[in-house]
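A short reminder: the numbers here are calculations on the coordinates, not readings from a lab. What you see is a predicted model; the values in this text were computed from it and never measured. With ideal geometry, Cβ positions are generated from the backbone for all residues, glycine too; neighbour counts draw on all protein chains shown.
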Amino acid sequence: MARRVTTQKKIVTTILAWFVGLLIFFPILWTFLTSFKTELQAISIPPVFLNFDWTLENYETIQSQSNYFHFMLNSIYLSLGSTALGLIVAIPAAWAMAFSPTKRTKDVLLWMLSTKMLPAVGVYIPIYLLFVRFGLLDSRLGLIVVLFLINLPIIVWMLYTYFKEIPGEILEAARMDGASLGKEITQVLAPMAVPGIASTILLNVILSWNEAFWSLNLTTSNAAPLTQFIASFSSPQGNFYAKLSAASMLAIAPILIVGWFSQKQLVRGLTFGAVK
Amino acid sequence: MGQIHLEKVRKAFGDVVIIPELDLQIEDGEFVVFVGPSGCGKSTLLRLIAGLEDVTSGKITIDGTDATELPPAKRGLAMVFQSYALYPHMSVRKNIAFPLKMANMDKAEIDRRVDYAAKTLNLDAYIDRRPGQLSGGQRQRVAIGRAIVREPKAFLFDEPLSNLDAALRVGMRLEISELHQRLKTTMIYVTHDQVEAMTMADKIVVLRAGNIEQVGSPLELYSSPRNLFVAGFIGSPRMNLINGAEAGKYKADTIGIRPEHLRLSTSEGRWTGTVKVSEHLGSDTFLHVESPVHEEPVTVRADGEFPVHSGDTVYLTPQEDKIHRFDGKGLALR
């Protein structure tokens, strides 16, 4: 029996959804508005909402004080690099677990995910020492490896859920047809899993882009991504909220745009497997 | 060539034994059907032959060479799956060409073979479509096409028709039989449908719980089932199995009589009964008759229309020479 949806119910749920949506979006909106205020208006009490003197001054100051593109380029390198590395490792891993499961497969998956439950700071000192030892501090390569490793469980888990949906018979057919292991994965499995792989890439790029703990602690200038760029504006002379907001907007803008245009993929990816 | 011999083949997943130990000889060019209820191990047996599962012990020989340890692709067999297992991202042409491409065959030869297969299976019109744009029957043909281009030693079919609707199933059944007559290649076909088994097979292998209950031609199984299981499984509607005093008269624990071997009359006969349900198909009439000889209703088939209905009294007379006798262990008495 289908559930009856009355107009009244629809209105209530719509209002509720908008309320929750705005609640989540509000900090970003506030940052956006603050970035166009003067420093004084930014900290004025009571706060001003829209009736202030809109100015681009903060953006100009930021551009003149630091090299935005240097940081953005690093963010791109880091997120794409760690994602590419992640896929190379995670596709075969997820393939093995999805199509040749053992009774321990679930445990392995859970164990991988459990590493995400550990606070990052818990392994900070050993990793820092390793970086010092191998001369990786403030290098893109070092940070790519760390970002790849911290996101690996999520990539494996996501791909695993996707691969689970692909009928194993198709891979068996490929095996009967004489496909080698490599061809089975590259010519049969991967093309069928394109939507899943795409949303995995997207999510992982976003996670790497926004990652702050490791990028703040393991880089200074050479390999510093946009998170470091924002942090550099929370200065020792006190917080300049308007400039900080402008820096934040610049840092999240690229990923926000990418995310906006691919939101369909992303939503499908995040809820995939939940409903058949 | 396509001679497949199984010797003492055993398959177990951990402690669960699927196939206890089994010997089977399949000769070149035979159409062999594995039939049995679900969970009887027939699909597992096929997958063992295909190489998709490893045998726990035993030996599989294909054309005289030991194939037990060979990977699926090296066995020279082609398989058609229940779900068709087509590559959804490839066109029909690419699907059919895939095994040839994997064998590094040259382009011209691939095209020649694909075109030939497409023509044979009436797929020319759909050659550039994706599987998603095809009907169930067309998909099945693509799957068969992908199997025949390889010119395999034997075809393996895993319940290929069970996803099709009834009308299409009858059509595809004929097409597969015709294909076998034309190619004369060994075919091994798995089904739970005894009608498919009876109509297509040269040789039927009846399986239960991983054991072979009987191997024989369709008519052998029909006319002389080796035990109660085969007797009940082969034939539609099922054979009536009667035990107790009536069976005692034949010096057996159970007697079996097929619905078509009971003579039906409204005036006289051996057994009296009351019609419980009557099914009038025009070509035949099936009656389910409650009779004192047996606690369950006895099924009877009459040719053409037999005008009785629920509640009417009828008389049944078994044809003496068509009665099957079974002992206490369920084995046929000859």
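Taking each pair of different alpha-carbon atoms in the protein assembly as shown once, compute 1/r for the pair, average those values, and report the inverse of that mean as the Kirkwood hydrodynamic radius in Å to one decimal.
On the way: mean 1/r = 0.0327 Å⁻¹.
Every distinct Cα pair counted, the radius reaches 30.6 Å.
Helix B:107-120 against the longest principal axis of chain B: what's the angle in degrees, Cα atoms only, rounded to the nearest 10?
20 degrees
Of the options B:S310, B:I255, B:V298, report the single residue whose Cα projects farthest towards the positive end of the charge dipole of segment B:255-333 (beta-carbon charges: Lys, Arg +1; Asp, Glu -1).
B:I255
Subtract the Cα-Cα distance of A:V132 and A:V89 from 0.36 nm times their separation in residues, and report this length gain in nm to one decimal.
Details: separation 43, 0.36 × 43 = 15.48 nm, distance 2.57 nm.
Net length gain for the segment: 12.9 nm.
Over what distance in Å are the Cα centres of segment B:75-126 and segment A:150-223 separated?
Cα centroid to Cα centroid, the span is 29 Å.
Pairs of alpha-carbon atoms within less than 8 angstrom and 6+ residues apart define the contacts here; what relative contact order does segment B:133-194 have, in percent? Walk me through the numbers before you get to the answer.
Working: 37 pairs, mean separation 26.8, N = 62.
Relative contact order of segment B:133-194: 43 percent.
I want the antiparallel fraction of DSSP beta bridges within the protein assembly as shown, as a percent rounded to 5. Mind dumping the intermediate values first?
Numbers: 52 of 71 bridges.
So the antiparallel bridges amount to about 75 percent of the total.
Could you tell me the calculated FRET efficiency between A:T38 and A:S232, based on Cβ-Cβ distance and R0 = 30 angstrom, to the nearest 0.05?
Numbers: r = 21 Å, r/R0 = 0.69.
So, using R0 = 30 Å, E works out to roughly 0.90.
Take every residue in peptide A:178-186, count the Cβ atoms of other chains within 10 Å of its Cβ, and give the average of those counts.
On the way: counts 13, 6, 3, 0, 0, 3, 1, 0, 0.
Per residue, the average neighbour count from other chains is 3.
For peptide B:86-92, what's the mean number of Cβ atoms from other chains within 10 Å of each residue's Cβ?
Numbers: counts 3, 8, 6, 7, 4, 0, 0.
Going residue by residue through B:86-92 and averaging, the value is 4.
When only Cα pairs under 8 Å and 6 or more residues apart are kept, what is the percent relative contact order across chain A? Write down the numbers at each step before the final one.
Details: 249 pairs, mean separation 84.5, N = 276.
Result for chain A is 31 percent.
When DSSP assigns beta bridges and you keep just the ones with both residues in chain B, what percent turn out antiparallel, to the nearest 5?
Working: 50 of 68 bridges.
In chain B, approximately 75 percent of DSSP beta bridges are antiparallel ones.
I'd like the orientation of helix A:241-261 relative to chain A: the angle between its Cα long axis and the longest Cα principal axis, in ° from 0 to 90, rounded to 10.
Approximately 30 degrees, to the nearest 10.
Rounded to the nearest 500, what is the 222 nm mean residue ellipticity of chain A from helices alone, with -39500 (n - 2.57) per DSSP H run of 4+ residues and division by all residues? Don't jump to the answer; show the numbers that get you there.
Working: 13 runs with 186 residues, N = 276.
Mean residue ellipticity at 222 nm (helix-derived): -22000 deg cm²/dmol.
Based on the Kirkwood radius over alpha-carbon pairs, what value in µm²/s does the Stokes-Einstein equation return for the translational diffusion coefficient of segment A:66-232 at 37 °C and 0.692 mPa s?
On the way: Rh = 17.3 Å.
Approximately 190 µm²/s, per Stokes-Einstein.
For B:T61 and B:N211, what is the calculated FRET efficiency with R₀ set at 22 Å and r taken between the beta-carbons, to the nearest 0.05? Provide the component values of the computation, followed by the final result.
Values: r = 21 Å, r/R0 = 0.95.
E between B:T61 and B:N211, to the nearest 0.05, is 0.55.
Straight-line reach only, C-alpha to C-alpha below 28 angstrom: list the lysines that B:K251 could link to, leaving out same-chain residues fewer than 8 apart.
B:K322, B:K329
What FRET efficiency comes out for the pair B:R182/A:L149, r = Cβ-Cβ distance, R0 = 45 Å, nearest 0.05? Don't jump to the answer; show the numbers that get you there.
Values: r = 58 Å, r/R0 = 1.30.
Efficiency computed from Cβ-Cβ geometry: 0.15.
What pairs from B:K74/B:K119; B:K11/B:K107; A:K103/B:K74; B:K11/B:K94; B:K94/B:K153 go past 31 Å between their alpha carbons?
On the way: B:K74/B:K119 27 Å; B:K11/B:K107 41 Å; A:K103/B:K74 29 Å; B:K11/B:K94 35 Å; B:K94/B:K153 22 Å.
In this structure, B:K11/B:K107; B:K11/B:K94 lie more than 31 Å apart at Cα.
Would you work out the relative contact order for chain B, in percent, from Cα pairs under 8 angstrom that are 6 or more residues apart?
Working: 686 pairs, mean separation 55.5, N = 334.
Dividing the mean separation by the residue count of chain B yields 17 percent.
Going 7 Å from the Cα of B:D15 along its beta-carbon direction, which residues of segment A:89-127 have the amide nitrogen within less than 14 Å of the resulting point?
none
Along the positive direction of the dipole of segment B:4-230 (beta-carbon charges: Lys, Arg +1; Asp, Glu -1; about the Cα centre), which of B:F98, B:A78, B:V215 reaches farthest?
Going by the charge dipole, the pick is B:F98.
If I model a spin label at A:V108 and A:K264 as a point 7 Å from the Cα along the Cα→Cβ vector, what separation in nanometres do I get?
Result: 3.6 nm between the two label points.
Measure nothing but the geometry: give the 0 to 90° angle between the long axis through the Cα atoms of A:7-34 and the longest principal axis through the Cα atoms of chain A, rounded to 10°.
60 degrees
Starting with the fewest neighbours, write out A:M192, B:M90 ranked by other beta-carbon atoms found within 10 Å of each beta-carbon.
Numbers: A:M192 21, B:M90 18.
Starting with the residue having the fewest Cβ neighbours, the order is B:M90, A:M192.
Quick check: residue separation of B:E295 and B:R130 times 0.36 nm, minus the Cα distance between them. What number comes out in nm? The partial results should precede the final answer.
Details: separation 165, 0.36 × 165 = 59.40 nm, distance 5.52 nm.
Result for the pair: 53.9 nm of gain on full extension.
Nothing charged except the Cβ atoms of Lys and Arg (+1) and of Asp and Glu (-1): what's the magnitude of the dipole of chain B about its Cα centre? Round to the nearest 20 debye.
Details: 41 positive and 44 negative charges, 192 e Å.
Charge dipole of chain B: 920 debye, to the nearest 20.
Any idea how far apart B:A245 and A:L73 come out in nm if each label point goes 7 Å out from Cα toward Cβ?
Reported label-point gap for B:A245 and A:L73 is 10.3 nm.
Place a +1 charge on the Cβ of each Lys and Arg in the protein assembly as shown and a -1 charge on the Cβ of each Asp and Glu, then give the dipole magnitude about the Cα centre in debye, rounded to the nearest 20.
On the way: 59 positive and 56 negative charges, 231 e Å.
Value, rounded to 20: 1120 debye.
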